[in-house]
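The values are calculated or read from the model by the stated rules, or taken from the named source; none is laboratory data. From a predicted model like this one, the values you see are computed outputs, not experimental measurements. All Cβ positions, even for glycine, are placed from backbone atoms using ideal geometry, and neighbour counts span all protein chains on display. Heavy atoms of the whole protein, side chains included, go into the accessibility calculation; ligands, DNA and RNA do not. Shrake-Rupley method; radii C 1.70, N 1.55, O 1.52, S 1.80 Å.
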Amino acid sequence: MFPRGRKLLLGVSGGISAYKSCDLLRRLQEQGFIVDVVPTSASLNFVGKATWEALSGRKVLTDLWSEVEKVPHILMAKENDLIVIAPTTADLLAKLASGRADDLLTNIVLASTAPKILVPAMHTEMWSNPATVANVKTLQDRGFIVVAPDEGRMTGSDVGVGRYPEVSKIIEIINLTTHITADLAGKKILITAGGTREPIDPIRFIGNRSSGRQGFALAAAAASRGAQVHLIAANTDLPVIEGVTITSVETADQMAAVLEYEFSECDALIMSAAVADAKVANYSEQKIKKENLDVVSFSKNPDILRNLSEKKKPGQIIVGFAAETISGLAELQQRGEEKLVSKSLDLIYVNNVSDGAVFGSENTQGLIIDKNHNVIKVPQISKDTLSDILLDQLVGKLS
Ligand code: C5P
C-alpha cells in the first residue's frame, strides 16, 4: 500500500539537465514522495540506471522488455498518483503530442489517467521553434501541466529561455497539483499500532482485540503529508505501507524498548497501540500441562506513555489513545481528561469500544481532548478520516 497521493513517477528524458533531476528526486523524497524513476534510453547517456536505483532505493526499469509478465507499464500507470517528466526534451514533447508509445515511459504516459507535469529544458531555439510551440499547446489542451523553463545560461556560452527551472519551483507546482499539503514534511513521527501479547508459555499468550487499523491509518496519513514515519506494530496483520519504517514487536516490554531508543529523536509520538497493563509473572519456558493451568499470576507492565512523557523535550508532542466501555459523553470526557493529565499528554483520543465497536472495525467514534480542555466530538467516521482530523490538531501543536 502507498500513502495516499504520495506515489510519484519521475520520467527523465535525454537532456544534459538530467543530472538536475537527481536533486529533484532527493527533494521529492524529503516531501514524503515514493518515487519510481523511468529514464529513457537516451537519458542514460547523461545519468545511469545505477544512480537512479541508488538514489530512489527502488528498482529501475529502462525498457519495455523487462519483467514483461508483470505488465509494468500498466502497473506503473495505475499505481502512480502523479507523473513528472523532468527534463522533457523537444523530441519527447513531439512524441507525447502525437500520442506515440515506443518505449516504457511513453507507454506509461499513454496508459495513465494521473495528472502529468512536464518540465521542458532545451536550447532557446528549440523551445521557440514553431513545432515545439505547437506541441506544447497540444499537450496543454489535453491537460498536461507544462512548467515554463527559466531564462539564463545554457550549455556552452548561450543565454536564453530554456533552462531547467529551480527545483523549488517544480516542487511547488507538484504540491499544488496533488492538493495534498506537505505540512508534516521534515517531521519525524513515531506511531504505535496493534495490541501487545504477553506470553504464558511458548504456545499461549494473553492479548487484546486491537487490530492495528487505526495506527496504520495514522501512519499512512502522516506519510502522505510528508512525515518520516516509524510505525511500531504489535501483532498486526495489515499490508505494509511503502515509505514507512515498520518495526514489529510482540510484548509491551519490546515496544517500550524500541520507543526508549527512538523517542528522543522524534517530533511527535502517537500511541494508538493497546498495551497490555500486565505481563505474566510465572512465564514457563516449557508448555504448561493443562492440568497445571489453574493460576496465571501477573506483574505490572511499565506505563510506556507516562515514562516517555517524563523525558519529553520542549517542542515534542505526545498523543495518547484510550479505549473505554463508557457510552455517556460526560463520563467519557472525564475519563479522557484524567488520562491526559496522569500521562502528561498534549492530546488524547478517547473512544467508546463497548459492544464490540471500534476494535477491528473501519469506523470509530469518540472525543479528541487537548490539554487546554478543548474537546472535539467525533461522530461515527472512518479511521482514515479520524487520522486526518488528529493530524490537523497535531500540526497546529507542532507549530
Ligand atoms: O491507561 P490506558 O491503558 O487506558 O491508557 C491508554 C494509553 O496509554 C494508550 O495510548 C496506550 O498506548 C498507553 N499505554 C502505555 N503503556 C501501558 C498501557 C497503556 O503506554 N502499559
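The charge dipole of the chain, taken about the Cα centre with unit charges on the Cβ atoms of Lys, Arg (+1) and Asp, Glu (-1), comes to about 100 debye, rounded to the nearest 20. Annotation: per residue accessible area for region 42-153 equals 49 Å², rounded to a whole number [probe 1.4 Å, protein chains only]. The aspartates and glutamates whose alpha-carbon is closer than 20 Å to the alpha-carbon of LYS59, local same-chain residues fewer than 8 away aside, are ASP23, GLU30, ASP36, GLU67, GLU69, GLU79, ASP81, ASP103, GLU242. For region 136-175 versus region 186-258, the spacing of their alpha-carbon centroids is 43 Å. Between LYS59 and SER128, residue separation times 0.36 nm minus the direct Cα-Cα distance comes to 21.2 nm.
Neighbours of THR124 by Cβ distance under 13 Å: Lys/Arg scored +1, Asp/Glu scored -1, total -2. Cα centroid distance between region 315-344 and region 84-99, in Å? Going from one Cα centre to the other spans 55 Å.
Comparing mean-square fluctuations of TRP52, TRP65, TRP127 from a GNM of the chain with C-alpha springs under 10 Å, the top value falls on TRP65. Here the chain yields Rg over Rh of 1.09, to two decimals, using C-alpha coordinates and the Kirkwood radius. Surface composition of region 74-137: carbon plus sulfur atoms contribute 59% of the solvent-accessible area (1.4 Å probe, protein chains only, all chains present). Of the solvent-accessible surface of region 242-313, computed with a 1.4 Å probe and all protein chains present, 46% belongs to carbon and sulfur.
Within the same chain, lysines fewer than 8 places from LYS169 are excluded, and of the rest, those with a Cα less than 19 Å from its Cα are LYS20, LYS116. Size estimate for region 7-178 follows the Kirkwood approach: the inverse of mean 1/r over distinct Cα pairs works out to 16.0 Å. Rolling a 1.4 Å probe across the protein heavy atoms gives region 256-399 an accessible surface of 53 Å² per residue.
When the alpha carbon gyration tensor of region 139-197 is reduced to an equivalent ellipsoid, its three semi-axes come out at 40, 17, 9 angstrom, largest first.
Other residues whose C-beta falls under 12 angstrom from the C-beta of ALA114 contribute a net charge of +1, scoring Lys and Arg +1 and Asp and Glu -1.
Accessible surface for CYS266 stands near 10 Å², nearest 10, in the context of the full protein assembly shown (1.4 Å probe).
Taking amide H positions as modeled 1.01 Å from N, with prolines and chain starts lacking one, the residues under 5 Å from GLY11 and 5 or more places away or on another chain are VAL38, VAL84, ILE85, ALA86. Check cross-link reach from LYS397 to the aspartates and glutamates: straight Cα distance under 14 Å, and skip same-chain residues fewer than eight apart. The qualifying aspartates and glutamates are ASP183, ASP267, ASP346, ASP370. Springs between Cα atoms under 10 Å define the GNM used for the chain, and in it the highest mean-square fluctuation of PRO165, PRO199, PRO239 occurs at PRO239. Checking the Cα-Cα distances for LYS290/LYS311; LYS49/LYS70; LYS279/LYS371 against a 32 Å cut-off, the pairs over it are LYS290/LYS311. Other residues whose C-beta falls under 12 angstrom from the C-beta of SER224 contribute a net charge of -1, scoring Lys and Arg +1 and Asp and Glu -1. The label point for SER344 and the one for GLN286, both projected 7 Å from the Cα toward the Cβ, are 4.6 nm apart. Computed over every Cα-Cα pair of region 188-398 and binned at 10 Å starting from 0, the pair-distance distribution P(r) comes out as 8, 35, 37, 15, 5, 0 percent.
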